[in-house]
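Here's the structure, in structure tokens; my notes come after.
The values are calculated or read from the model by the stated rules, or taken from the named source; none is laboratory data. As the structure is a computational prediction, the values presented were derived from the model and not from experiment. When we count neighbours, we look across all protein chains shown, and the Cβ atoms used for this are built from the backbone with ideal geometry, even at glycine. Accessible surface is based on the protein model in full, side chains and every heavy atom, while ligands, DNA and RNA are left aside. Shrake-Rupley method; radii C 1.70, N 1.55, O 1.52, S 1.80 Å.
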Amino acid sequence: METAMTQGNRGRYYDERETWDPQRRESDLFARLPAQIAHAKAHAPVYAKLLAHVDPQAITSRAALAQLPVVRKSELLELQKQARPFGGFATVGWGRDMLRVFSSPGPIYEPEGRGEDAYGQARALFAAGFAEGDLVHNTFSYHLTPAGVMIESGAHALGCTVFPGGVGQTELQVQAIADLKPTAYAGTPSFLRILIQKCREAGVEMSFRKALVSGEACPPALQREFAEAGIDVYQSYGTADVGLIAYETWAREGLVLAEHIIVEIVRPGGTEPVPEGEVGEVVVTTFNPVYPLIRFGTGDLSAILPGISPCGRTNTRIRGWLGRADQTTKVKGMFVHPSQVLAVASRHPEVRRARLVVENPNLSDVMILECEVAGGDEGLRLAIETTLREITKLRGEVRFVPPGSLPNDGKVIDDRRKYD
């Protein structure tokens, strides 16, 4: 594919696809879709069943695609439990064609095929100003989950050098900033705030001048805070299953969809696309030959913005992440499922009911597990906090409440975060 380094809009766009006429893009995607569906039917057992009566050559438009079933993330989890490791969605097994396998909370296992920038992240990094010669301080996790590798593969495609900082060990990361002076940051916005503060406390000059953040919301107020620290911050939106879905540009008007996927906004719990502007679930169809997801329901909510971005990119824009279609939520870049909350409570017979409350005071995610307990002491509270950390891989506070005090509304996770 022709890149921004070799085509006429050098320096402005990652490749020429970003400025294609929208109809040309649509025609190209749906000309390639039948072959991908045929491939999925032939090599992924789950699609051999789900699409048994579908003629791939007939799926050449959005209207035709909308007739196919939606497979949601929650269903993917259950299908994987029934048929480990990938629930019949992968087209290859262990070996040369599968470079890595990752584990996301659930657990959900994701295979990675071979190929440069397999997750499409280079496009988002380019829009954020990353370029050859940058040293990227990558604080996304390299452990179990794919986020760290996703960003690294995109950065390498641009010619960047990467420092694999991963999560935690803040003092060592500050030392690396002092010694290496990385120019770019990738990670969650909350950890970027921590690094800025820790550098100030240690008297270390903050060398970041650009950043790509994801996994959490980064509202305008927080972007302004980073700008005051001399860092130009852009957002991206993606999932472990798909890779990049959409990314922010200098126009700061919504997120532009990635070029390598088909995105629909579908009525939550249903299969039909909603009208433009209406909030619905983000449903993605990929062209990944190793993990061909056809109408994959991410569980995330968004809406299509009308018109074309002032930045000149012509692909559809979405409003960004607007919450979850189900009770599954993302905290500090990690998904937390209702089943995990129930699993925590089941390990402690003293807990009659439990509800996970997620808040964001000072724009930093906080988890509080409210447990209905008759009595309860500090030892039990600490034990439940340990279980919560073991199951979700995140730290959270445990708060005891009287039996019968939690609302009887079916909620297991109550996301109370607000974004200005």
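Results, tabulated for the structure shown:
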{"quantity": "Within the range 120-144, tally of residues that are more than 16 Å from V213 (Cβ to Cβ) and part of a loop (DSSP other than H, G, I, E, B)", "calculated": "7"}
{"quantity": "Residue among R352, R347 that is open to solvent by 20 Å² or more (accessible area, probe 1.4 Å), free of Cβ contacts under 8 Å to residues at least 60 places away in the same chain, more than 30 Å from L33 (Cα to Cα) and out of contact with any Ser or Thr (no Cβ under 9 Å at 6 or more places or on another chain)", "calculated": "R352"}
{"quantity": "Evaluation of T239 against (1) touching a residue at least 40 places away in the same chain (Cβ under 8 Å); (2) out of contact with any Leu (no Cβ under 8 Å at 6 or more places or on another chain); (3) open to solvent by 10 Å² or more (accessible area, probe 1.4 Å) (one fails), failing number", "calculated": "(3)"}
{"quantity": "Checklist (1) in contact (Cβ under 8 Å) with a residue 60 or more places away in the chain; (2) out of contact with any helix residue (DSSP H, G or I) (no Cβ under 7 Å at 6 or more places or on another chain) applied to Q327, failing item", "calculated": "(2)"}
{"quantity": "Number of the condition not met by V162 [criteria: (1) part of a loop (DSSP other than H, G, I, E, B); (2) in contact with a strand residue (DSSP E or B) (Cβ under 7 Å, 6 or more places away or on another chain)]", "calculated": "(1)"}
{"quantity": "Given (1) open to solvent by 20 Å² or more (accessible area, probe 1.4 Å); (2) under 21 Å from E259 (Cα atoms); (3) not charged (D, E, K, R), number of the condition G120 does not satisfy", "calculated": "(1)"}
{"quantity": "Test: residue in the range 371-381 that is open to solvent by 30 Å² or more (accessible area, probe 1.4 Å), under 30 Å from L50 (Cα atoms) and modelled with pLDDT under 95", "calculated": "no"}
{"quantity": "Residue in the range 49-68 that is within 27 Å of G269 (Cβ to Cβ), open to solvent by 30 Å² or more (accessible area, probe 1.4 Å) and touching a Ser or Thr at 6+ places or on another chain (Cβ under 7 Å) present", "calculated": "no"}
{"quantity": "Check on V398, under 30 Å from Q197 (Cβ atoms), in a strand (DSSP E or B), under 21 Å from the mean Cα position of the chain (by Cα) and of a type in the set (A, V, I, L, M, F, W, C)", "calculated": "no"}
{"quantity": "Test set (1) surrounded by 23 or more Cβ atoms within 10 Å (Cβ to Cβ); (2) not in a strand (DSSP E or B) - L244 fails condition number", "calculated": "(2)"}
{"quantity": "Within the range 276-298, tally of residues that are among the charged types (D, E, K, R), open to solvent by less than 10 Å² (accessible area, probe 1.4 Å) and at pLDDT below 95", "calculated": "1"}
{"quantity": "Boolean, K81 is open to solvent by 40 Å² or more (accessible area, probe 1.4 Å) and modelled with pLDDT of 95 or more", "calculated": "no"}
